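Presented below is the structure to which this report refers.
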Ligand SMILES: Cc1ncc(COP(=O)(O)O)c(C=O)c1O
């Protein structure tokens, strides 16, 4: 599995199209459209002047700011060069033999687990239930969960976008507590939602959490909420029992001086952080309504964060993404190769309303062109692929219809899922 599994490939797209990156409109990476804060920009510029010095190590001001934002004690926070580094460090520290991943979800959990030799059991939620796990489903999965040393869940989930059902999350934590499995809850997108901060796992300790408090690890990507994907900062909240063993395993100077200064400044911009959930929610609801109105969009999945996942009426996500890129300079995340999703699915970030309107207009144009061409999304060779000449290649073979027959239901063990 490679980093090809991610969006945000502005440099690559700009090079391929022979245009500057800032002429592209990027809906493929899910970062805060309100940022970066002017304070972040100013702090980053100042810190460039300190590039000749090693970064602060340990980065105490940033740890203090992150702990304050997350509402947790400072000594329990580990900082990373992005949240992704902390996923890998967690697996490297725990060295689990067996890992359960609740999918479809962010692919780095499986990549980290496999990189450290774990056996991975990926359990996919049903498409018919909008890829959400219910409490009953989790109870039924108890034997598989209990067989794991480490269980990954993402809340809200990427790429589908919705919050976990609270009953299902509780049930999962309880089952794992009883079985002695560690639960890794990735809340990287929670600060974009209207349940932030009260709905955070660590803010609302429930009876399930009380049972499991020494076994729950929570991850946040400050990269996303502070809009600094080129600089990167992640924060991991460890249970007391893991702090002493984990901290010495974090490499020195892993957060560079510009990222440290920028993130501290961003976390001080409380007004922007507090404005984010309502601004994102308003923009997302409007964008979802616009997307639902497009003929050729079969479904927009329920969502709570700063991105939307949609099912197209035809399995042509790669072609549609390619055409948006070439003809409109718009980048979206094609989920054709995303384990548990497939060629009907696209994910788009929620941006400011004018940008979202541009996306909706462009997508409507691309899909109506495809419909007029009689495009079915299935190339003649049976594979979904972008045509070399940038045109949809199969015409008139099948009628256009919303096809819900392909489901990523089932649970699958190891191998193909990430
Ligand atoms: C759910 C989730 N967790 C973690 C990360 C990694 O965040 P960062 O960019 O801070 O490494 C991502 C990035 O896309 C993500 O989607």
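The values are calculated or read from the model by the stated rules, or taken from the named source; none is laboratory data. Values in this document were obtained by computation on a predicted structure and should not be read as measured data. Quick reminder, even Gly has a Cβ in these numbers, built from the backbone with ideal geometry, and neighbours come from all protein chains shown.
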Worksheet item: In the stretch 192-199, is there at least one residue being in contact (Cβ under 8 Å) with a residue 60 or more places away in the chain, part of a helix (DSSP H, G or I), surrounded by 17 or more Cβ atoms within 10 Å (Cβ to Cβ) and away from the ligand (no atom under 15 Å from the Cβ)?
Response: no
Response to the item:
By residue number, the members of the stretch 133-157 that are in contact (Cβ under 8 Å) with a residue 40 or more places away in the chain, in a loop (DSSP other than H, G, I, E, B) and more than 16 Å from the ligand (Cβ to nearest atom) are 141, 147, 148, 149
Worksheet item: Of these, 291, 242, which one is assigned by TED's automatic domain parsing to the domain that holds residue 59 and touching a strand residue (DSSP E or B) at 6+ places or on another chain (Cβ under 9 Å)?
Response: 242
Discussion item. Can you say whether residue 24 is more than 16 Å from the ligand (Cβ to nearest atom) and crowded, with 20+ Cβ neighbours inside 10 Å, as far as the supplied structure shows?
Written reply: yes
Worksheet item: Which ones in the stretch 158-188 are in a loop (DSSP other than H, G, I, E, B), within 16 Å of the ligand (Cβ to nearest atom) and in contact with a strand residue (DSSP E or B) (Cβ under 8 Å, 6 or more places away or on another chain)?
Response: 158, 159, 160, 161, 164, 187, 188
Practice prompt. Might you let me know whether the stretch 35-48 holds any residue that is within 16 Å of the ligand (Cβ to nearest atom) and surrounded by fewer than 20 Cβ atoms within 10 Å (Cβ to Cβ)?
Written response: no
Item to complete: Of the conditions (1) surrounded by 24 or more Cβ atoms within 10 Å (Cβ to Cβ); (2) at pLDDT below 95; (3) within 16 Å of the ligand (Cβ to nearest atom), residue 212 clears all except one; give me its number.
Response: (3)
Discussion item. Looking only at the stretch 56-106, how many residues end up being in contact (Cβ under 8 Å) with a residue 24 or more places away in the chain and at positive phi?
Written reply: 2
Worksheet item: Would you call residue 67 assigned to a helix (DSSP H, G or I), in contact with a strand residue (DSSP E or B) (Cβ under 8 Å, 6 or more places away or on another chain) and away from the ligand (no atom under 16 Å from the Cβ)?
Response: yes
Worksheet item: When the stretch 268-313 is examined, which residues are found to be outside any helix (DSSP H, G or I) and touching a helix residue (DSSP H, G or I) at 6+ places or on another chain (Cβ under 7 Å)?
Response: 269, 294, 295, 296, 297, 300, 303, 305, 306, 308, 310, 312
Worksheet entry | Per-region count, the stretch 83-121, residues part of a strand (DSSP E or B) and either away from the ligand (no atom under 15 Å from the Cβ) or farther than 18 Å from residue 145 by Cβ (or both) | 6
Item to complete: Check off (1) farther than 29 Å from residue 279 by Cα; (2) surrounded by fewer than 19 Cβ atoms within 10 Å (Cβ to Cβ) for residue 11 and give me the number that stays unchecked.
Response: (1)
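For every residue, the table says whether it meets (1) within 16 Å of the ligand (Cβ to nearest atom); (2) within 22 Å of the chain's Cα centre (by Cα); (3) in a loop (DSSP other than H, G, I, E, B).
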position: 11; (1), (2), (3): yes, yes, no
position: 15; (1), (2), (3): no, no, no
position: 31; (1), (2), (3): yes, yes, yes
position: 55; (1), (2), (3): no, no, yes
Worksheet entry | Qualifying residues in the stretch 17-26 (those that are in a loop (DSSP other than H, G, I, E, B) and more than 23 Å from the chain's Cα centre (by Cα)) - the one nearest to residue 328 (Cα to Cα) | 19
Worksheet entry | Verdict on residue 227 being part of a loop (DSSP other than H, G, I, E, B) and within 28 Å of residue 48 (Cβ to Cβ) | yes
